Structure formats: C-alpha cells, structure tokens
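In what follows, a structure is listed as structure tokens, so that the remarks can point back to it.
The values are calculated or read from the model by the stated rules, or taken from the named source; none is laboratory data. Bear in mind the structure is a predicted one, so any value in this text is a computation, not a measurement. Cβ: placed from backbone, ideal geometry, glycine included. Neighbour counts: every protein chain shown. What goes into the accessible areas is simple: the full protein's heavy atoms, side chains included, and nothing from ligands, DNA or RNA. Shrake-Rupley method; radii C 1.70, N 1.55, O 1.52, S 1.80 Å.
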Amino acid sequence: MLSEEIQLVSNFNIHLLKPHVKKSIKDSIVDVAAYGQVFQSITSLQEQPEYDKHVVLWTSPEGVISKFNQLLCGKSVSHNEVLDEVKEYKNIMLTTAKHCKTLFIPTWTMPLSRRTYGMIDLKPELGVRHLIMRMNLELMDLMLNVPNLFVLDADAWLKAAGAKAYPAKLYFTTKTLFSNDVFSLAAKDIAAAINGISGQAKKLIVLDLDNTLWGGVLGDEGWEKLKIGGHDYVGEAFLKFQNSIIGLNRRGILLAIASKNDESTALKAIELHPEMLLKEINFSAWRINWNDKAKNLIELADELNLGLQSMVFIDDNPVERARIREALPEVLVPEWPNDPALYTETLESLRCFDAPQVTHEDLNRGKMYVAERLRRKSRIDNEINSSDEWLNTLETSIHVESLSEVNLTRVVQLFNKTNQLNLTTRRFSESDIVEWIKIDGHELWVIYVKDKYGDSGMSGIISIETVNGTTVVCDLILSCRVMGRKIEDAMLHVVTEFALQNKINELMLEYKATEKNAPCLKMMNDSSLKKISKHKFVWEGEVSFSLPECISID
C-alpha cells in the first residue's frame with residue numbers, strides 16, 4: 001500500500017500533531033506548513049493542478065476571521081458581519097478542496113474558561129458561544145456538496161482532554177494552542193478518517209454470546225435466566241449494548257457469532273428471550289460450536305467472502321482474545337472491560353468503523369448478507385448438489401445503467417473497496433471518475449443484482465476506453481457478496497453485446513495482479529476469452545458471450 005501524504009496547515013504551532021499522526025498512520029509522510037502562513041499555504045495549494053495529499057487545515061477562529069477577532073477584542077461587530085466573513089472563508093475552502101486528496105477542517109473552539117457573557121452566552125445575536133456554533137454550522141454545510149471535505153469535531157477532543165486542553169503557558173512560550181493530549185486524540189480521528197476513505201474501515205463484528213451479548217452462561221442457567229433488560233443494572237447494560245450493536249448494523253456493519261455453545265440452544269435463546277433485541281435475522285453467519293475460535297473466524301471470513309482484516313472480534317474472555325491476537329493478527333481485537341456497564345462506551349469509542357459516506361447499499365448490507373445466508377440454507381435444505389440447478393432456483397436478474405449523479409457515491413465505494421474480482425484494482429476518487437468519464441471513448445456501466453431472496457443492490461462495474469481504434473476493458477469489478485453466481489459471465493455478455501452493437505471487433509483485457517485479486521484471473525482463465533499471454537486476454541468474434549440461463553436482464 002502506498003504511503004499516505006499529509007499536509008498540516010495552521011495559524012498556530014501545530015508541530016506537536018506531526019508525531020502523533022505518523023504514529024497513527026503507518027508509513028505516513030507528514031509535512032507541516034510554515035507557522036501562521038494559512039492563506040499563503042492555501043494559495044500554494046491552489047496553484048497546483050493535481051495535489052495528492054490529505055490536508056488538515058486547523059485554525060483558531062480569531063486567527064482567520066478578522067471580524068470575530070474584533071468582537072473578542074470588545075469592538076462593536078454584529079454577528080451577521082462575522083458570518084458574512086465566514087461565508088467568504090467557505091468559498092476559499094471550496095476552491096482549496098479541489099486541489100487536495102482530502103481536506104479536513106477541525107471545528108472552531110473556545111476554551112471552557114472563556115465565559116464571555118456567562119449564563120447568556122448562548123443567547124442569539126449576543127453570546128460568543130452561540131456565534132461560534134453558527135460559524136461551525138456554516139463550515140459543516142460544506143460537506144453537503146464537497147465529497148472530499150470533512151469537518152472534524154475538535155470540541156470532542158477538548159472535552160476528552162479536560163481542563164488542561166488549552167495550556168496557557170505553552171501558548172505564550174511556543175504558540176502551541178493545545179495540549180499533547182488534544183493532538184493525540186486529533187491524530188486518531190484523522191487516521192480513522194483516512195483509513196475509512198482508503199477503504200480500510202472494518203465491516204464485520206464477530207461476537208461471543210455468554211457474558212458478551214447477554215449476562216450469564218447459557219449452558220449453566222438456561223435461556224430463561226439470562227440477564228438482558230429487566231430491572232438490574234447488568235441486564236440494562238447488556239440491553240443498551242445490543243442497542244448500540246443494532247445501530248452499527250443499520251449503518252451497514254455486518255454481525256456474526258463465534259461462541260462455544262450448543263448451536264440449537266443458542267439460537268433458541270436468541271429467538272425466544274423476550275428482552276433479546278438482536279435476533280437471528282440480524283446475523284449474517286455464525287459458528288456456534290466447541291471448536292477453536294481462530295478456526296471459526298477463518299471459516300466465517302471464507303463464508304462471507306471478507307478478509308480477516310475486515311473483522312472486529314469482541315469477547316469477554318481474555319484467553320480467547322489473546323488466542324485471536326496471536327493466531328490472526330489481521331483481526332482487530334479491542335481490549336474489553338470486565339464491567340458490562342462499560343460495554344457500550346467501549347464499543348462506541350472504536351474508530352474503526354468510520355467511513356466517508358453511507359450509501360443505500362450500506363444501509364441494506366446486513367439484509368443482503370442475511371439473504372445470502374438464506375440462499376445457502378435453501379441449497380442445503382433442498383439437497384441441491386448441482387451448482388447450476390441451485391442457481392436456476394434463485395431467479396436472478398441484473399439491471400444495467402450508466403454512471404450518474406445518483407449512483408456515483410456507490411461507484412466510488414466499489415472502486416476503492418473491491419479487491420477479489422477486480423481486473424486492475426484501480427482506485428478512483430469521486431472527482432477522478434467524473435473527469436475520466438468526460439473523455440471521448442470512455443464508457444462506464446453499473447450492474448444491479450437481485451433474486452427471489454432479496455436485492456443485492458449495485459454490485460458491479462464495467463468500464464471501457466477506445467483509443468486509436470483499440471478498445472480496452474479498463475475495469476471489471478464485482479462485489480464479493482455476489483461472486484459465484486455467474487454475474488461475472490453476465491457482465492461479459494453485457495460488454496460484448498455493446499461491442500457488437502457499436503461495431504467493435506475486439507476487446508482487450510489486461511489483468512494486473514495484486515495480493516487479493518486472483519479470483520479475477522481464474523474467472524478469465526475459465527471463460528472463453530482468448531488468452532494471448534499470462535495476463536492478457538482478448539475477445540474477438542461475431543457473437544457476444546452468452547447470457548447464463550440462470551440470469552435475466554431487466
């Protein structure tokens with residue numbers, strides 16, 4: 001993976017942030033702009049047509065908004081005058097974002113000790129704290145239309161750092177506005193954001209059951225006596241913890257179980273306990289048995305077609321946590337508290353689920369994986385041995401459409417998160433795709449998939465470019481959740497049909513190997529594409545690829 005390049009820009013001394021960012025983001029290259037040269041640094045950024053750095057622009061409001069500074073100095077300035085200047089600053093940010101890979105703007109803050117108007121400091125058109133809230137809301141509005149700009153909550157870092165967040169002596173001696181603790185927390189949030197943008201956010205929580213998802217040991221006490229809800233603090237703590245897990249699940253984080261229990265008894269407890277919020281329908285997969293949990297996690301990853309690096313393992317037992325850390329270092333295993341009252345706080349403090357956007361597919365991802373579990377179950381229940389026979393029962397259909405503003409965000413996700421069936425593993429930002437599609441001879445289609453068990457949403461991308469009479473398939477991307485259902489064959493049918501209709505006699509495909517995309521090479525080797533070298537394939541012919549019998553096109 002390429003090193004992340006990060007530029008720190010501020011009107012105060014921000015050098016203490018640099019080592020924390022380097023620690024939080026492995027192999028990162030961090031530069032600090034000249035102290036106090038905010039607008040000069042911004043101008044320098046804007047003069048560069050392509051800028052592949054993440055930029056953190058962290059300022060104090062009085063340092064960049066002159067009217068706000070005048071207000072603090074006791075001059076007669078209306079709030080509207082300040083906000084008008086903030087709007088001018090926003091326009092500068094809009095332009096700056098076009099020259100950054102990502103632009104991060106921490107919110108403007110004030111020391112807790114600065115009470116100004118005291119009890120009426122939140123009064124509209126009077127209080128300074130009310131004004132700074134409105135100023136920050138103006139900044140947040142930028143995120144509505146600028147996909148690579150993110151406003152970070154600096155106030156949360158100050159509250160966590162406590163009374164010493166603003167060390168007065170440090171500021172007067174070195175012009176460093178915040179304490180080391182504040183910079184440490186900021187670096188962790190910046191790292192989480194960059195990881196999310198680069199597709200490294202965690203996708204799956206694997207949960208233990210006994211004393212993790214509920215209080216008590218099922219095999220000893222029976223499901224009727226498990227502690228969930230009720231009127232004691234332990235039961236209430238587990239209920240709140242389950243509520244928090246459901247919140248993540250609704251955001252698109254998948255859930256699975258790895259528990260040493262009897263499967264039928266555990267599933268009975270999940271379905272029958274009256275206070276149990278999480279039900280079987282919430283879980284994409286499970287391994288409830290007496291096997292080694294490391295083995296179970298490997299099987300879960302294989303079943304869900306996810307890498308181990310996508311997993312978070314939560315277990316109250318320190319021995320099990322140590323086992324997973326040692327055997328499967330790719331899995332994130334957070335240290336877990338002994339007191340269930342701290343479970344929710346611990347879960348919600350994890351930064352590993354941060355993502356730059358939430359799409360329709362994200363919101364429905366849990367349902368999609370549950371539908372996949374039901375597909376597998378139907379094959380077993382109906383004793384269908386033939387893959388073709390099973391696929392014919394699914395009633396799969398695909399829908400093909402061109403790139404649009406509506407599907408652009410999800411297209412960016414597929415480009416940056418799909419690894420296994422991905423021809424070239426190109427990574428694109430939203431602006432990259434918009435510029436690429438404008439070029440003559442470039443075409444891009446998105447593929448939606450559904451069957452009788454559910455809608456898998458946007459699952460595939462095909463793109464081609466024609467240069468000097470040669471047409472190349474640039475991207476052939478398919479989400480891992482629909483692999484193995486002949487969708488890839490249908491995609492080859494779609495692109496070769498387009499070629500025939502547009503009198504294109506030849507399509508070139510060149511596979512670029514990565515650590516994870518071997519399934520794409522296998523797919524091409526198994527197809528009727530003509531192989532002209534180890535990684536180069538060509539379609540040339542008078543007929544398109546056949547559409548698989550088990551798939552229809554809407």
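Descriptive notes on the structure:
- Members of LYS26/LYS516; LYS225/LYS367; LYS188/LYS367; LYS18/LYS87 lying beyond 25 Å, as alpha-carbon distances in this model show: LYS225/LYS367; LYS188/LYS367; LYS18/LYS87
- Residue-normalised accessible area of the range 379-530, given per residue in Å² at a 1.4 Å probe: 46 Å²
- Taking all Cα pairs closer than 8 Å and separated by 6 or more residues, the relative contact order of the range 163-246 comes to 14 percent.
- For VAL32, distant residues with modelled amide H under 5 Å away: LEU8
- CD proxy at 222 nm, helix term only [per DSSP H run n ≥ 4: -39500 (n - 2.57); per residue of the chain; nearest 500]: -12000 deg cm²/dmol
- Other residues whose C-beta falls under 14 angstrom from the C-beta of ARG410 contribute a net charge of -3, scoring Lys and Arg +1 and Asp and Glu -1.
- Built from the Cα atoms of the range 361-476, the convex hull projects on average onto 8.5 nm², one quarter of its surface area.
- Only aspartates and glutamates eight or more places from LYS101 in sequence, or on another chain, were considered; those with a Cα closer than 18 Å are GLU4, GLU5, ASP27, ASP31, GLU47, GLU50, ASP52, ASP189, ASP354, GLU430, ASP432, GLU435.
- Within the accessible area of the chain (1.4 Å probe), percent carbon and sulfur: 51 percent
- Note on LYS534: aspartates and glutamates with a C-alpha under 15 Å away, same-chain residues under 8 apart excluded, are GLU510, ASP526.
- Net +/- balance of residues flanking THR344 in space, Cβ distance below 12 Å, scoring K and R +1, D and E -1: -3
- Calculated accessible area for the range 164-321 comes out at 41 Å² per residue, all protein chains present (probe 1.4 Å; ligands, DNA, RNA ignored).
- Beta bridges assigned by DSSP with both partners in the chain are antiparallel in approximately 50 percent of cases.
- Percentage, to the nearest whole number, of Cα pairs in the range 230-335 over 15 Å apart: 67 percent
- Inter-site label distance for LYS90 and HIS15 at 7 Å from Cα along Cβ, in nm: 3.6 nm
- The range 426-554: antiparallel DSSP beta bridges as a percent of all, rounded to 5: 90 percent
- Legend: distances between Cα atoms for LYS227/LYS260; LYS98/LYS503; LYS268/LYS452; LYS169/LYS202; LYS377/LYS522; pairs beyond 30 Å are LYS98/LYS503; LYS169/LYS202.
- Per residue, in Å², the accessible surface of the range 48-102 once ligands and nucleic acids are set aside, probe 1.4 Å: 47 Å²
- Candidate aspartates and glutamates - alpha carbon under 16 Å from LYS512, same-chain residues fewer than 8 apart omitted: ASP475
- Value of relative contact order over the chain, rounded to a whole percent, pairs C-alpha under 8 Å and six or more apart: 9 percent
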